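Reviewing the structure listed below.
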Amino acid sequence: MAINLQKGQRENIGAPKFTIGLGWDTNSSSTGSAFDLDASVFVLGENKRLLADEYFIFYNNLKSPDGAIEHTGDNLTGEGDGDDEQIKIDLSKIDPKATEICVVVTIHEAENRRQNFGQVRNSFIRIFDTATNADLLNYELEEDFSIETAVEFGRIYKKDNNWKFEAVGAGMKGGLQDYLNKYQ
C-alpha cells in the first residue's frame, strides 16, 4: 500500500527499479493559452552539482549516460487523468558518484503566456514499482503557488547506502535555466 507523504516527509523507496509519475490539471481558460508543463531531473553529486551536463534529463535529453534514468517524453497539454509525464529509474545502473536526484516541474514559456502554478491544480508526484505497478509513495502539492512558475516536487537522495524520497514542494519564480544555474 502506498504511503501518502506530507511536505518535508522522507521515506525509503524500497525498490531498485521504479517509475516517477507526475500529474497535474490546468485552467487554460484563465490565460487563453494552453499550458505546457515539463518534468525534469537533475542528477547531482556530493557537491550538489550536476555530475555532467548529460545528467540533466528533460524533453531534449531523455536518457542519462549511465542508462539509469529515462524520461518517457514531453506531454504538451496535461489533459486526461493519471500521469502526465513519467521518468523511469533503475538504481542498479546509476553512476556511483550520484547522491541525489532532484525532480522539478516548470511551465514552458510561463512569462510570455502569463502562467503560474496558481493556475495548476491536482498536482502530484508518485513513485511506483516498475515490476509490479504498485504505488510506493504519493505526494500531492496542496499549496497555492500563485507567482511561482517552477516547483521542485521532490528529491531522491542516498543516505547510508539506501535511496530515500523527500517530498519537497518548493516553488520558485523562474524556469529551467534558473535550475540549471543552481545545479551547474
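The values are calculated or read from the model by the stated rules, or taken from the named source; none is laboratory data. For clarity, every value in this text was computed on a predicted model and none was experimentally measured. Neighbour counts are summed over all protein chains in view; Cβ atoms, including those assigned to glycine, are modelled from backbone coordinates with ideal geometry. Only protein heavy atoms, including side chains, enter the accessible area calculation; ligands, DNA and RNA are left aside. Shrake-Rupley method; radii C 1.70, N 1.55, O 1.52, S 1.80 Å.
Some observations on this one:
- Stretchable slack from K164 to K182, in nm (0.36 nm times residue separation minus alpha-carbon distance): 4.3 nm
- Members of K88/K164; K97/K164; K7/K63 lying beyond 18 Å, as alpha-carbon distances in this model show: K7/K63
- At the residue level, D178 shows approximately 70 square angstrom of accessible surface with a 1.4 angstrom probe and all protein chains present.
- The gain in end-to-end length when the N4 to K88 segment is fully stretched comes to 28.2 nm, 0.36 nm per residue minus the alpha carbon separation.
- The rule of thumb for compact globular proteins, 2.2 N^0.38 Å, goes into the C-alpha radius of gyration of the chain 0.97 times.
- Simple Cβ-charge dipole of the chain, Lys/Arg +1 and Asp/Glu -1, about Cα centre, in debye nearest 20: 580 debye
- A Förster radius of 22 Å combined with the Cβ-Cβ distance from K97 to N61 puts the calculated FRET efficiency at roughly 0.75.
- Exposure rank, largest accessible area first [E100, E54, E70; 1.4 Å]: E54, E70, E100
- Rolling a 1.4 Å probe over the protein heavy atoms gives the chain an accessible area of 49 Å² per residue.
- Within the accessible surface of the range 104-146, defined with a 1.4 Å probe on protein heavy atoms only, the carbon and sulfur portion equals 38 percent.
- Relative contact order, percent, the chain [alpha-carbon distance under 8 Å, six or more residues apart]: 30 percent
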